[in-house]
Amino acid sequence: MKKPVKYGFAIIAALIVIILSLDIQKLDKHNAVEVPGDFSAAAYTREVWNSRMPKTIEEAPEIISLLKMLEKNPGKAFNDFGRKLGISATYYFLASGEGIIQSVEEENLIVLLKDYSKIKLATGFIFGNTVRDGSGTVSIDDFVNMTDFNNVSVELNKMVKEEIVPVIKEAAQPGKKVNFTGTFEINEKNIDTGSIRIIPVSVKVSDGE
Amino acid sequence: MIKGKNIILFLVVTFVLLAGCNENNVDNSPKKMAVIISTLNNPWFVVLAESAAEKARELGYEATIFDSQNNSAKEAEHFDNVIAMGYSAILFNPTDADGSVLNVKRAKEAGIPTFCMDREINSRDAAATQLLSDNFSGCVKLGQYFVRQMNKKGNYVEILGLVGDNNTWNRSNGFHSVVDEFTELKMVAQQSADFDRNKAMDMMETIMQANPDIDAVFCGNDAMAMGAYQAILAAGKKDKIKVFGFDGADDAVRGVAEGKIAATVMQFPVLMAQTSAELADQYIRGKRDFSSKTPVEVILITPENVDQFMPEK
């Protein structure tokens, strides 16, 4: 074999070895370094509240038919409308409806729906992940750690307390009509549609008919 | 002839070099899973480790448990060994949410998937998935119960777990996301006892001497809750100070039934460990579409429901 040919083969072999040894990444991927503590839950949640929540509210199923489905065919209700996180017996739902305020309590409104069933509409003691997971506006896969993911729940609850609850408290009186969209949770091992407590994400109080 | 030999020699050398670059060497030896655990000096983690190893063996793997002794250097050594010894998957309980990320990434680069159990690492994609107790949600429930039991007022102490562990802060943050809204509930002391019963007992003794008017203590795990209860009992304050824990350990659940502990939150280490082994097996068989984190629901245990969760005698 001639020397130039031999060197040519050697260079090609060396290049193959070098190329296979390299891990080539896109610059934007390389720059996307995960920095815990770099996340602003307040800014993220504001974006969720302003951009994603309105669309979700528009698509919410009607509360009376959802509760009936939960009673008669819970499997279908969980499958079609329920959301759950990881390994859990708790399902979260979003629903909208209207009813007449029957009474105003310290932490809830008692609302009579058109089919004469009652629900609680929360105005106090609003905690946990019901809004985050019931609305389906936030994915766990977008977060570096559970702390950031959980802080979104805290901020969403804060939005409800600061932007929705004052509207209710100012206008709510027995006999008034309330249109609402909100989230609630149900344990699949203990389906009790008679004790539903809805955390509102949108609400309008008006004079009753 | 010489030319032919040169070409054969060249091809052999190139093949050997290329084979050396290939991480996925064919290996017909029995598959192995490594169970790397932060510490075996705590019965809770022993259950986690043994349940994971047992499930892996049931699934047909050789399983070995490595104890990191809460030491990140030891944990890194275990990863070195596991990578060198050609394990197929790692079932992992990390020592540190940030410090352990590099170990998991090294395993990933070596083609070994890691499945985190119970404790989290701060990464979206280093581990194949992470099965974690939903500590925050559990402590939101506990916080709500705490507020009701305290009638929204009083002085309390918080005893934290390991400060480098995300679970410590997810529990604390979940609790405070509720309790801090009630201005008449005042935290008079907050200290870390590293999830250790004896440390918590000594700490509670000291805190009670400095703060005689304490109504409750929230502890980041049941071992610390039982330690705090011992100190409270010795000080003759068992009827005044309510103790709240987390884990659902047997002695704490019995403590709830006997009125020693006000409430705890039950975790499911066996479920987490077994599911991690099953997911690792699925990964080895080709499945890849795992969620980055899989929270596992926890349950609030109070005197109202403790009879459903009493441990066998």
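The values are calculated or read from the model by the stated rules, or taken from the named source; none is laboratory data. All figures in this text were calculated on a predicted structure; none of them were measured in a lab. Positions of Cβ are backbone-derived with ideal geometry, glycine not excepted, and every protein chain shown enters the neighbour counts. To get the accessible areas, we keep the full protein, side chains included, count just its heavy atoms, and leave off ligands, DNA and RNA. Shrake-Rupley method; radii C 1.70, N 1.55, O 1.52, S 1.80 Å.
Applying the criterion of at least 1 residues that are open to solvent by 30 Å² or more (accessible area, probe 1.4 Å) and within 14 Å of chain A (Cβ to nearest Cβ) to the strands (runs of 3 or more DSSP E) found wholly in region B:258-313 leaves B:299-301. The C-beta contact set for region A:169-188 (first residue at positive phi, second residue surrounded by fewer than 20 Cβ atoms within 10 Å (Cβ to Cβ), distance under 9 angstrom, 6+ apart or interchain) comprises A:Gly175/A:Ile100; A:Gly175/A:Gln102; A:Gly175/A:Asp207; A:Gly175/A:Gly208. Determine whether B:Arg148 is of a type outside the set (Phe, Trp, Tyr), modelled with pLDDT under 95 and either on the phi > 0 side of the Ramachandran plot or surrounded by fewer than 23 Cβ atoms within 10 Å (Cβ to Cβ) (or both). It is false that B:Arg148 is of a type outside the set (Phe, Trp, Tyr), modelled with pLDDT under 95 and either on the phi > 0 side of the Ramachandran plot or surrounded by fewer than 23 Cβ atoms within 10 Å (Cβ to Cβ) (or both). Within region A:108-115, can one find any residue that is within 13 Å of chain B (Cβ to nearest Cβ) and either touching a Cys at 6+ places or on another chain (Cβ under 7 Å) or surrounded by fewer than 22 Cβ atoms within 10 Å (Cβ to Cβ) (or both)? No; the residues of region A:108-115 include none that is within 13 Å of chain B (Cβ to nearest Cβ) and either touching a Cys at 6+ places or on another chain (Cβ under 7 Å) or surrounded by fewer than 22 Cβ atoms within 10 Å (Cβ to Cβ) (or both).
Yes or no: region A:121-135 includes at least one residue that is free of Cβ contacts under 8 Å to residues at least 60 places away in the same chain and surrounded by fewer than 18 Cβ atoms within 10 Å (Cβ to Cβ). Yes: region A:121-135 contains one or more residues that are free of Cβ contacts under 8 Å to residues at least 60 places away in the same chain and surrounded by fewer than 18 Cβ atoms within 10 Å (Cβ to Cβ).
Taken together, A:Ser96, A:Ser103 contain a single residue that is in contact (Cβ under 8 Å) with a residue 40 or more places away in the chain and over 21 Å from the mean Cα position of the chain (by Cα), which is A:Ser103.
The rows are residues; the columns are (1) under 30 Å from A:Val154 (Cβ atoms); (2) in contact with an Asp or Glu (Cβ under 8 Å, 6 or more places away or on another chain).
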position: B:Glu54; (1), (2): no, no
position: B:Val82; (1), (2): no, no
position: B:Ala97; (1), (2): yes, yes
position: B:Cys116; (1), (2): yes, no
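I'd like to know if region B:165-172 contains one or more residues that are in contact with a strand residue (DSSP E or B) (Cβ under 8 Å, 6 or more places away or on another chain), within 13 Å of chain A (Cβ to nearest Cβ), open to solvent by less than 20 Å² (accessible area, probe 1.4 Å) and in contact (Cβ under 8 Å) with a residue 60 or more places away in the chain. No; the residues of region B:165-172 include none that is in contact with a strand residue (DSSP E or B) (Cβ under 8 Å, 6 or more places away or on another chain), within 13 Å of chain A (Cβ to nearest Cβ), open to solvent by less than 20 Å² (accessible area, probe 1.4 Å) and in contact (Cβ under 8 Å) with a residue 60 or more places away in the chain.
Selection over region B:100-127 of residues that are assigned to a loop (DSSP other than H, G, I, E, B), surrounded by fewer than 24 Cβ atoms within 10 Å (Cβ to Cβ) and away from chain A (no Cβ under 12 Å) gives a count of 4.
Here are some residues: A:Lys169, A:Lys118. Which one is open to solvent by 10 Å² or more (accessible area, probe 1.4 Å), farther than 20 Å from A:Phe81 by Cα, at pLDDT below 95 and away from chain B (no Cβ under 14 Å)? Every option except A:Lys169 fails the conditions.
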